[in-house]
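Below is one structure, written out as structure tokens, with a few remarks after it.
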There are 2 protein chains.
Amino acid sequence: MTAPLFDRVALIGIGLIGSSLALNVKAGGLARHVAVTTRRRETLEKAEALGLGDSYHLEAAEAVKDADFVILSVPVGVCGAIAREIAPHLRQGAIVSDVGSVKGAVIEQMRPHLPETAEFVPAHPLAGTEHSGPEAGFVELFRNRWCILTPLADTDPAAVAKVRTFWEACGANVETMTAEHHDLVLAIVSHVPHLIAYNIVGTAADLETVTQQEVVKFSASGFRDFTRIAASDPTMWRDVFLTNRDAVLEMLARFSEDLASLQRAIRWGDGDTLFDLFTRTRAIRRGIIEAGQDTAKPNFGREATATPAREPAPGER
Amino acid sequence: MTAPLFDRVALIGIGLIGSSLALNVKAGGLARHVAVTTRRRETLEKAEALGLGDSYHLEAAEAVKDADFVILSVPVGVCGAIAREIAPHLRQGAIVSDVGSVKGAVIEQMRPHLPETAEFVPAHPLAGTEHSGPEAGFVELFRNRWCILTPLADTDPAAVAKVRTFWEACGANVETMTAEHHDLVLAIVSHVPHLIAYNIVGTAADLETVTQQEVVKFSASGFRDFTRIAASDPTMWRDVFLTNRDAVLEMLARFSEDLASLQRAIRWGDGDTLFDLFTRTRAIRRGIIEAGQDTAKPNFGREATATPAREPAPGER
């Protein structure tokens, strides 16, 4: 049996991502000790009840003591404060990483606080579900998903290699790029899609001509897919939009420009423009399925049937 | 054993919906004879190879002869031409129905052609997948989905009741409303969601700063859900937007207005506005799951893992 990759891993934040990491460290024997820390006592107790770690701490400073690998799995907006808090307690040569959906802002916020003796390897696993909290984690979450590393110019390549090995052991494929490029890519493949999903669910909820009950009842015709994304963690996503502002606004401007042009095609009955786009987009879907990033099963292979938990009362809609 | 609901059902169009209807008629013994008709010889031959009907016709006029139930499962834009074509051949008292996603335009196009002796019961099953063609159909497609009927003021209630019984036998829940209200409801729960899905996939494909290969590779972070919807049948969807223009433009204007306000919140760092919306939208998702219209499983319960069919070649992205 080979030695574990790390002596002590400190998991700061134990939500969907943190708990899935804990399960992977345990399943893969990736560390001798897992120290779990989170600010809320209730969450920490849940994590302990789930047996996610070897020690549990309300103070991040305690958890990182003697840790050779520290991972922040917290909303992007609190990364800076946590970096400042743990910095004086970091062990010489400790690798510090994170899982934030925005990389430029995380680096900007954390880097000034971290000591020279620590190695900072920002990371972002492109994995998640619409569920949150320590009980939402599962060991397969990262399997065949991408994890993007955005090391700094002065990061020790050995530390980067170790973080890569860690993510590969969690089942992920690892890619390296600059933080700036990461933020641009994520703006279009993740941030703007989430924003427009949140937005249309809000628009639908606010209508006077169509009731909320009708929106729910008839949602299977397209709308429901958007509601899954729009059920994602509100704090995490607020921070994403506040911290990746420039790239999101840039992609959003293009989206709106294109939408205005489709709107014009509809108004003027320009069927060819619509048909051309609708044909082109099919090819992208095929590419995603070929790349193994989604299932080819109709409707994502989800169960076609379900018994309603409740029927709307007569006159309710 | 009770007598079948109908003597002869004529299925005009044998794509995803038509073929699923054929499978239901057969499974439920809903008719003595199923006449299948479609304009393209290749499609008709596929339908025959799949054994979807009892007789196969390139001419709709032939298929509807002696039919007591005629269902058009074709893009909305060709309903009028087909109505004109079949009208002289309809049997006395035949019930004519359709499955179009837009009801006002279908009525406007079909009604002038249909004889007084036929009963017209416009219908719309809110069911589908991103796949098209006769081989895409399956018997469970309509199970626990809604089918909306929009009968006219002068439609015989007995005919409406019979169509309701038919859809219930296919597993659907049936609801009745005016064509006008249907078109408004569908604009927000289906048409605008499809349009923005098509649109963002187009926007992503056109970027210069992020390659198409990257968009595909990293799509699991949100984008891939949109690509499923944006893989829907181009002809059908072109016709939807051209024929439900007013309701779509109205809902689209509200969507864009709301999006502009979110954009402003991002620009000015107004986290509270974002957080409030993101919290509110979660409740809608819960309602949909409680109503049995979607699965509560994370990520729609789709397979978390898949082996990529191909890896991008070095330097391809």
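Taking 20 °C and 1.002 mPa s as the conditions, I'd like the Stokes-Einstein D for the protein assembly as shown in µm²/s, using the Kirkwood hydrodynamic radius from alpha carbon pairs.
Values: Rh = 26.2 Å.
This corresponds to a translational diffusion coefficient of 82 µm²/s.
Once both axes come from the Cα atoms, what is the angle between helix B:234-243 and the longest principal axis of chain B, in degrees from 0 to 90, rounded to 10?
With both axes taken from Cα atoms, the answer is about 80 degrees.
Would you mind counting up the charge near B:GLY13? Only other residues with Cβ under 11 Å from its Cβ, with Lys and Arg at +1 and Asp and Glu at -1.
Values: positive: B:ARG39, B:ARG40; negative: B:ASP98.
Combined, the nearby Lys, Arg, Asp and Glu give +1.
For the range A:52-112 and the range B:93-113, what is the centre-to-centre distance using only Cα atoms, to the nearest Å?
The range A:52-112 and the range B:93-113 have Cα centres spaced 63 Å from each other.
At a probe radius of 1.4 Å, what is the per-residue accessible area of B:SER261, in Å² to the nearest 10?
About 70 Å², rounded to the nearest 10.
Non-local amide H neighbours of A:GLU119 (under 5 Å, H modeled in plane, Pro and chain starts lacking H): which ones?
Placed amide hydrogens put A:ALA94, A:ILE95, A:VAL96 under 5 Å from A:GLU119.
With +1 on each Lys and Arg Cβ and -1 on each Asp and Glu Cβ, and nothing else charged, work out how big the dipole of the range B:202-258 is about its Cα centre, in Debye to the nearest 20. Working shown, then result.
Working: 6 positive and 10 negative charges, 46 e Å.
Dipole of the range B:202-258, to the nearest 20 debye: 220 debye.
Return the sequence-ordered ³J(HN,Hα) values of the range B:152-158 in whole Hz as given by the Karplus equation 6.51 cos²θ - 1.76 cosθ + 1.60 applied to θ = phi - 60°, using x for Gly and Pro.
7, 4, 9, 6, 4, x, 5
How many nanometers, to one decimal and shortest first, lie between the label point of A:THR176 and those of its other copies, if labels sit 7 Å from Cα toward Cβ?
6.9
Per-residue Cβ counts within 10 Å, from other chains only, averaged over B:204-212: what number is that? Don't skip to the answer; put the middle values down first.
On the way: counts 10, 6, 3, 7, 0, 8, 9, 1, 3.
Rounded to a whole number, the mean comes out at 5.
Please give, to one decimal in nm, the separation of the simple spin-label points placed at A:LYS65 and B:GLU135, each 7 Å out from Cα toward the Cβ.
Result for the modelled spin labels: 6.6 nm.
May I ask you to derive the relative contact order of chain B, considering only C-alpha pairs under 8 Å and at least 6 residues apart, and to give it as an integer percent? Could you put the intermediate results ahead of the total?
Working: 490 pairs, mean separation 46.5, N = 317.
Result for chain B is 15 percent.
Quick one: ranking A:GLU45, B:GLU85, A:GLU257 by accessible area, 1.4 Å probe, largest first, what do you get?
Highest to lowest solvent-accessible surface, that is A:GLU257, A:GLU45, B:GLU85.
With axes computed from alpha carbons, what is the tilt in degrees of helix A:271-290 against the longest principal axis of chain A, rounded to the nearest 10 within 0 to 90?
The angle comes out at about 30 degrees.
When each pair of different Cα atoms in the range B:181-267 is counted once in the 1/r mean, what is the Kirkwood radius in angstroms, to one decimal? If you can, show how the numbers build up before the last one.
Numbers: mean 1/r = 0.0698 Å⁻¹.
Answer for the range B:181-267: a Kirkwood hydrodynamic radius of 14.3 Å.
What 222 nm value per residue comes from the helices of the protein assembly as shown, counting each DSSP H run with n ≥ 4 as -39,500 (n - 2.57) and dividing by all residues, nearest 500 deg cm²/dmol? Before the final figure, lay out each step's value.
Details: 26 runs with 286 residues, N = 634.
Calculated mean residue ellipticity at 222 nm is -13500 deg cm²/dmol.
Take every Cα pair under 8 Å in the range B:6-177 that's 6+ residues apart, average their separations, divide by the length, and report that relative contact order as a whole percent.
Working: 380 pairs, mean separation 39.8, N = 172.
Relative contact order comes out at 23 percent.
Which whole-number value in Å² is the accessible area per residue of chain B, probe 1.4 Å? Before the final figure, lay out each step's value.
Numbers: 12250 Å² over 317 residues.
Per-residue value: 39 Å².
Which value, in Å³ per residue, describes the convex hull spanned by the Cα atoms of the range B:90-184? Mind showing how you got there, number by number?
Values: hull volume 11.0 nm³, N = 95.
Value for the range B:90-184: 116 Å³ per residue.
Fully extended, how many nm does the chain gain between A:GLU257 and A:THR165 (0.36 nm per residue separation, minus their Cα-Cα distance)?
Details: separation 92, 0.36 × 92 = 33.12 nm, distance 4.21 nm.
Extending this stretch completely gives an extra 28.9 nm.
Quick one: angle between helix A:245-267 and the longest Cα principal axis of chain A, in degrees between 0 and 90, rounded to 10, please.
10 degrees
How many Cβ atoms of partner chains, on average, are near each residue of A:233-241 if near means within 10 Å of its Cβ? All intermediate terms of the calculation are to be shown ahead of the outcome.
On the way: counts 2, 9, 5, 1, 4, 12, 3, 2, 10.
Counting Cβ atoms of other protein chains within 10 Å of each residue's Cβ and averaging gives 5.
For B:ASP246 and A:ARG280, what is the calculated FRET efficiency with R₀ set at 25 Å and r taken between the beta-carbons, to the nearest 0.05?
Details: r = 26 Å, r/R0 = 1.06.
E between B:ASP246 and A:ARG280, to the nearest 0.05, is 0.40.
In a shell of Cβ-Cβ distance under 12 Å around A:LEU52, excluding A:LEU52 itself, what net charge do Lys and Arg (+1) and Asp and Glu (-1) give?
Working: positive: A:LYS26, A:LYS46; negative: A:GLU45, A:GLU48, A:ASP54, A:GLU135.
Counting the neighbours of A:LEU52, the net charge comes to -2.
For the pairs A:LYS297/B:LYS297; A:LYS217/B:LYS162; B:LYS103/B:LYS162, flag any whose C-alpha to C-alpha distance is greater than 21 Å. Walk me through the intermediate numbers first.
Working: A:LYS297/B:LYS297 16 Å; A:LYS217/B:LYS162 23 Å; B:LYS103/B:LYS162 19 Å.
Over 21 Å Cα-Cα: A:LYS217/B:LYS162.
So if R0 is 30 Å, what FRET efficiency would A:LYS26 and A:THR117 give, r being the distance between their Cβ atoms, rounded to the nearest 0.05? Can you show the working numbers first?
Numbers: r = 28 Å, r/R0 = 0.95.
The computed FRET efficiency comes out at 0.60.
Set the Förster distance to 35 Å, then compute FRET efficiency between B:ARG40 and B:GLU108 from the Cβ-Cβ distance, nearest 0.05. Let's see the in-between values first.
Values: r = 26 Å, r/R0 = 0.75.
About 0.85, to the nearest 0.05.
What are the residues whose amide H is under 5 Å from the amide H of A:THR176, where those residues sit 5 or more places off or on another chain and H is modelled from the backbone?
A:LEU149
Please report the residue of chain B with the smallest beta-carbon distance to the B-to-A rotation axis, and give that distance in Å, no decimals.
B:PHE300, 2
Counting only residues 5 or more places away or on other chains, whose amide H sits under 5 Å from the amide H of A:ASP7 once H atoms are built in the peptide plane?
A:ARG32, A:ASP68
What whole number of Å gives the distance from the Cα centroid of the range B:263-287 to the Cα centroid of the range B:161-214?
After rounding, the separation between the Cα centres reads 24 Å.
Along the range A:199-211, what does the Karplus equation 6.51 cos²θ - 1.76 cosθ + 1.60 (θ = phi - 60°) give for ³J(HN,Hα), rounded to whole Hz, x for Gly and Pro?
5, 5, 5, x, 4, 5, 5, 8, 5, 9, 7, 10, 6
Determine the dipole magnitude for the protein assembly as shown: charges of +1 sit on the beta-carbon of Lys and Arg, -1 on that of Asp and Glu, nothing else is charged, the reference point is the Cα centre, and the result goes in debye to the nearest 20. Write down the numbers at each step before the final one.
Details: 64 positive and 82 negative charges, 160 e Å.
In debye, rounded to 20, the protein assembly as shown gives about 760.
At 1.4 Å probe size, with no ligands or nucleic acids counted, give the accessible surface of B:CYS79 in Å², nearest ten.
Result for B:CYS79: roughly 0 Å² accessible.
Using the 7 Å Cα-to-Cβ label point, sort the distances from A:ASP156 to its equivalents in the other copies shortest first and give them in nm to one decimal.
Computed spacing set for this position: 8.7 nm.
Per-residue accessible area for B:ARG91 at 1.4 Å probe radius, Å² rounded to 10?
90 Å²
Under the convention of a label 7 Å out along Cα→Cβ, give the distances in nm from B:SER55 to the same position in every other copy, shortest first.
8.3
Across peptide B:6-14, what mean number of C-beta atoms from other chains lies inside 10 Å of a residue's C-beta? Don't jump to the answer; show the numbers that get you there.
Values: counts 0, 0, 0, 0, 0, 0, 0, 0, 0.
Mean partner shielding for this stretch: 0.
So for A:ASP206, A:ASP258, what's the accessible-area order with a 1.4 Å probe, most first?
Numbers: A:ASP206 80, A:ASP258 50 Å².
I get A:ASP206, A:ASP258, largest accessible area first.
The values are calculated or read from the model by the stated rules, or taken from the named source; none is laboratory data. Given the structure is predicted, the values throughout are model-derived calculations rather than measurements. Cβ coordinates were reconstructed from backbone atoms using ideal geometry, including for glycine residues, and neighbour counts include every protein chain displayed. Areas reflect the complete protein model, heavy atoms only, side chains present, ligands, DNA and RNA absent. Shrake-Rupley method; radii C 1.70, N 1.55, O 1.52, S 1.80 Å.
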